[in-house]
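Shown next, in structure tokens, is the structure this report addresses.
The values are calculated or read from the model by the stated rules, or taken from the named source; none is laboratory data. This is a predicted model, so every value here is computed, not measured. Cβ placement follows ideal geometry from the backbone for every residue including glycine, while neighbour counts extend to all protein chains displayed. Remember, those area values only see protein heavy atoms, side chains included, never the ligands or the DNA or RNA. Shrake-Rupley method; radii C 1.70, N 1.55, O 1.52, S 1.80 Å.
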Protein chains: 2
Amino acid sequence: MKKLINGAEDVLAESLVGLAAAHPELRVDHANRIVYRAEPKPHGTVAILSGGGSGHEPLHAGYVGFGMLDAAVCGEIFTSPTPDQIALATKTVDTGAGVLHLVKNYTGDVMNFDMATELAGGIAVATVIIADDVAVEDSTYTAGRRGTGVTVLLEKIVGAAAEQGRDLAELAALARRVAGSGRSMGMALTSATLPASGKPNFDLGDAEIEVGVGIHGEPGRRRVPLGSAREIAAMLVEPILADYTFGGEPAVVMLNGMGATPLIELYVMFGEVSALLEKAGVRVARSLVGNYITSLDMAGCSVTVLRADDELLGLWDAPVSTPALRWGV
Amino acid sequence: MKKLINGAEDVLAESLVGLAAAHPELRVDHANRIVYRAEPKPHGTVAILSGGGSGHEPLHAGYVGFGMLDAAVCGEIFTSPTPDQIALATKTVDTGAGVLHLVKNYTGDVMNFDMATELAGGIAVATVIIADDVAVEDSTYTAGRRGTGVTVLLEKIVGAAAEQGRDLAELAALARRVAGSGRSMGMALTSATLPASGKPNFDLGDAEIEVGVGIHGEPGRRRVPLGSAREIAAMLVEPILADYTFGGEPAVVMLNGMGATPLIELYVMFGEVSALLEKAGVRVARSLVGNYITSLDMAGCSVTVLRADDELLGLWDAPVSTPALRWGV
């Protein structure tokens, strides 16, 4: 295992030290592994909270800041944060208007956010589950579909709406609409290697790929021989289009790298993916190309397509200032 | 070789198709592999041009846009762009006030930018060479030091100054000052694999690293056994501090990933690097952590430190809108 780390057990804690050093606009609670905005929202504004296992950086801590999350709760690598952590973050970010929990659909995450809501006592909490991965209906760590790329787009859009002062019920309804309007599908060229084990977390032949892989290396739909970028783009786009009608609406499209795939390849893939989408009548109105929801050092990519409208595009374009997404500020 | 590509010979051309699809604010001349801003600068403003071999994305095309480059000339992977390409870009971006060429110190790049200046005829061109890599004095493709990470910071700072309407001589002097005030040093955990050869471009044992590696896999100072993040940080920071006096001035620090290293590791490294710098009296005033000047799918990182002052920090903070660096717009 070749990694830029000290001890395997210190990776999360030490990455948060680096995050804090690089981003004075964040406040890191190192004891509890929670990342907050240094300047909290005004009193009476709904707070947006997310979190999950680490190893998917920049998700979630890289999306804390104006126009996006109020805090991110960091679990150990590929491990859900604890109810105590989430409850503490919930209490800390609440300004009196309630807290919206954005939760990727993994059994541990869903359960622990649920328990945290109880632990947080009198605070008004609404929860929206993200389950956008069309690859499989149930998976290693989920009942139902896995939550993946739509999370990034959802955090951006709902975060912008929260800055406008919308109330908790409105924000939860918006979040459910966005979560329901997006689909994702990923693939792996290689497995990730977990620092704690030092070994690839699944085996993949030298000339095969895993189509429909999860962000923890969960099995996908099938293993096939390595194909061209064009063939792989079709394997990702077709199941997305088969699962949901995007119609002629404008779409926000993300071509996401899994962590170890160079940007030049991601742009090759985006060229293929956007051509397939346009051919199918989906209008690519906004896009992201890069590493946004990763799986440590896995090579591969995922495609996310979100059906949008003028309201969602307006929220997408609104100012945001986080380590990983920043514009207009 | 496991890559998300079609043919090995099509990688650059097809990545530019994807870049154009993702960024309508850019105009891509596909025949000549030049990336321009879709909206050129006002008449009478100095244009900033850079370029070089591909495989280092987002460098350089990802830095085209308001507040940074006017155009980037893309050579084939790890290959200098041709004099004709560079001359055409020079003529196209000139608005009558001249063009500043920012050139990384590689023999082919320096020669071809030089020939392009002659080919561009009556256009006023000033050239600034970047040679910031402290690892070695001469290298595989260079007489003198290699140009690496300072390029990113230089393009940002000089690009901001150009938007203010400064003239060519002033911008060239500023660029020389910045190029002289920054130092870099990199390391590799693994080699990159070139699409055309399908093989690693150098061999590295399972438990060794190359300290002082170049962005084309050029040999560094030495090979040593894989150490901890803390040890590796010292191997990168010490030669930088030994080479230049940063004094108590504020510094812009970049912790750059070589392409295949996950962000969580880059943040671990940034924690170590920033602690070493602060201990040495260097004040980390601004930072970048991520993949900014890469070497295809090489795993590893580099450190860049730039001595700044109020003027340079002001130019750093000025609005920028490019695919890879964006704020304030």
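Here the calculated FRET efficiency for A:Ser197 and B:Ala242, from their Cβ-Cβ distance with R0 = 35 Å, stands at 0.35, rounded to the nearest 0.05.
Roughly what % antiparallel, to the nearest 5, for the DSSP beta bridges in the protein assembly as shown? Counting only bridges with both partners in the protein assembly as shown, antiparallel ones make up about 55 percent. Looking at segment A:182-307, the accessible area is 32 square angstrom per residue; that uses a 1.4 Å probe and ignores ligands, DNA and RNA. Each of B:Ala135, B:Leu194, B:Gly205 was scored by the projection of its Cα onto the charge dipole of the protein assembly as shown, and the greatest displacement toward the positive side belongs to B:Ala135; charges sit on the C-beta of Lys, Arg, Asp and Glu. Using only the Cα atoms of chain B, build the gyration tensor, take square roots of its eigenvalues as a ≥ b ≥ c, and label the shape rounded, prolate or oblate: rounded if a/c is under 1.5, else prolate if a/b is larger than b/c, else oblate. Judged from the Cα gyration tensor, chain B comes out oblate (a/c at least 1.5, b/c at or above a/b).
Adding -39500 (n - 2.57) for every DSSP H run of four residues or longer, then dividing by how many residues the protein assembly as shown holds, sets the calculated 222 nm ellipticity at -10000 deg cm²/dmol. An oblate overall shape is assigned to segment A:179-329, the ratio a/c of its alpha-carbon gyration tensor axes (a ≥ b ≥ c) being 1.5 or greater and a/b not exceeding b/c.
Backbone amide hydrogens, once placed in the peptide plane, bring B:Ile130 within less than 5 Å of B:Val103, B:Lys104, B:Asn105, excluding anything fewer than 5 places away on its chain.
Restricting the count to DSSP beta bridges whose residues both fall in segment B:182-307, what percent are antiparallel, rounded to a multiple of 5? The antiparallel fraction comes to roughly 70 percent.
Simple spin-label estimate for A:Glu208 and A:Glu170 gives 5.2 nm between the two label positions (7 Å along the Cα-to-Cβ direction from each Cα). Pairwise alpha-carbon distances in segment B:12-180 exceed 25 Å for 23% of all pairs. The C-alpha atoms of the protein assembly as shown occupy a region whose extents along the principal axes are 70, 55, 49 Å, arranged from largest to smallest.
Relative contact order for chain A: 18 percent, from Cα pairs under 8 Å spaced at least 6 residues apart, divided by residue count.
Of all beta-carbon atoms in chain B, the one sitting closest to the axis that brings chain B onto chain A gives B:Ala260, 2, with the distance in whole angstrom. Within the full protein context, the accessible area of A:Met111 is estimated at about 100 Å² for a probe radius of 1.4 Å. In terms of distances greater than 28 angstrom between alpha carbons, the cross-link table entries A:Lys41/A:Lys104; A:Lys3/B:Lys2; A:Lys41/B:Lys156; A:Lys3/B:Lys279; A:Lys279/B:Lys3; A:Lys199/B:Lys156 yield A:Lys41/B:Lys156; A:Lys199/B:Lys156.
Would you mind telling me the share, in percent, of accessible area of the protein assembly as shown contributed by carbon and sulfur at probe 1.4 angstrom? Whole-percent figure for carbon plus sulfur exposure: 52. Under 15 Å from the 7 Å Cα→Cβ point of B:Ala124, by amide nitrogen: which residues of segment B:32-65? Backbone N within reach: B:43-48. Work out the charge dipole of the protein assembly as shown with +1 on the Cβ of Lys and Arg and -1 on the Cβ of Asp and Glu about the Cα centre, then indicate which of B:Val28, B:Pro40, A:Gly300 is farthest towards its positive end. Result: B:Pro40, furthest along the dipole toward the positive end.
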